[in-house]
Amino acid sequence: RLRQLEGFRRDFVANVSHELRTPVTSIKGFVETLLDGAARDPQAAENFLKIVARQVNRLEAIINDLLMLAGLEQQGRVGIEVAETSLREPLQAAADLLAHKAAGKKVEIRVECPPELTACVNAPLIEQAAANLLDNAVKFSEAGRTVRLTATREHDSVAISVRDEGTGIAPEHLPRVFERFYRVDKGRSRDMGGTGLGLAIVKHIALVHGGGVGVSSAPGQGSVFTLTLPLAGPR
């Protein structure tokens, strides 16, 4: 068990180093180019500074996601604040957050959740999990497609699902999609602005609620990501 944990630690450090090195190298290169004289060309300077700004935003996103993961791991040990909540509110808030991005891709987001469906949850964390799943679904959907965010009661639990009509995921990737920094298509994911931590955050949000998360998918048939949470909250 200790050797396995040490392996996880080494892999995590290596992945963090790799993810941070790319934007840092880009920023360093463009700053050096500006200092070498490119700053005297207004058009070139503006273009380079825009690239630097994008890379800084990427660094910030990675750091924020790492801090969120660390916070979730800490909360998992000490507990999170929960309250009886109408699930439609945080789910609709997540959809509203992604509305502009979805409209830009001509993708429709539909929220299907009975207003009377409640659960004992931390609403901001549920909104974050739903937003992360919606962001991925919109990202990998083509124009004219629909993304559905649904919540249903199942005995003593609630299932929150995001279903897309996107590219789908090959079977060999499914067991690893919730790992930190794991990417099905590394180049494409980075080009689309992902940090590689979104699904890991979703998994930890489910865990701190005493629940779990799963995925079903096939290439060309879209994907369904589902959080299963106990109605009574974490114990």
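The values are calculated or read from the model by the stated rules, or taken from the named source; none is laboratory data. Just so it is clear, the structure is predicted and the values come from calculations on it, not from any experiment. Note that each Cβ is placed from the backbone with ideal geometry, even for glycine, and that neighbours are counted across all protein chains shown. What goes into the accessible areas is simple: the full protein's heavy atoms, side chains included, and nothing from ligands, DNA or RNA. Shrake-Rupley method; radii C 1.70, N 1.55, O 1.52, S 1.80 Å.
Is it true that L207 is of a type outside the set (V, I, T) and in a helix (DSSP H, G or I)? When the stated conditions are applied, L207 passes them. When each of K101, K106 is tested for being under 23 Å from M68 (Cβ atoms) and either out of contact with any strand residue (DSSP E or B) (no Cβ under 7 Å at 6 or more places or on another chain) or in a loop (DSSP other than H, G, I, E, B) (or both), the lone residue that passes is K101.
Going by the structure shown, is T167 within 11 Å of the chain's Cα centre (by Cα), among the β-branched types (V, I, T) and over 21 Å from L87 (Cα atoms)? Answer is no for this residue.
Per this entry, E6 is not counted among residues that are at pLDDT 75 or above and not hydroxyl-bearing (S, T, Y). For D96, state whether it is charged (D, E, K, R), open to solvent by 10 Å² or more (accessible area, probe 1.4 Å) and under 15 Å from the mean Cα position of the chain (by Cα). In short, no. Does I62 qualify as being within 21 Å of the chain's Cα centre (by Cα), assigned to a strand (DSSP E or B) and not aromatic (F, W, Y)? Judged against the criteria, I62 is not a match.
Each row is one residue, and each column tells you yes or no for (1) at pLDDT below 90; (2) farther than 26 Å from L67 by Cβ; (3) out of contact with any Gly (no Cβ under 8 Å at 6 or more places or on another chain).
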{"site": "R148", "(1), (2), (3)": "no, yes, yes"}
{"site": "A151", "(1), (2), (3)": "no, yes, yes"}
{"site": "A159", "(1), (2), (3)": "no, yes, yes"}
{"site": "G194", "(1), (2), (3)": "yes, no, yes"}
{"site": "L197", "(1), (2), (3)": "yes, no, yes"}
{"site": "A200", "(1), (2), (3)": "no, no, yes"}
{"site": "H204", "(1), (2), (3)": "no, no, no"}
{"site": "F225", "(1), (2), (3)": "no, no, no"}
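Could you please let me know if T146 is more than 21 Å from P234 (Cβ to Cβ), open to solvent by less than 20 Å² (accessible area, probe 1.4 Å) and more than 16 Å from the chain's Cα centre (by Cα)? The answer is yes for T146. Annotation note: Cβ proximity below 7 Å between a residue of the range 137-157 that is over 14 Å from F225 (Cα atoms) and a residue that is assigned to a strand (DSSP E or B) (sequence gap 6+ or interchain) occurs for S141/V147; T146/E108; T146/R110; D156/P230; S157/T228; S157/L229; S157/P230.
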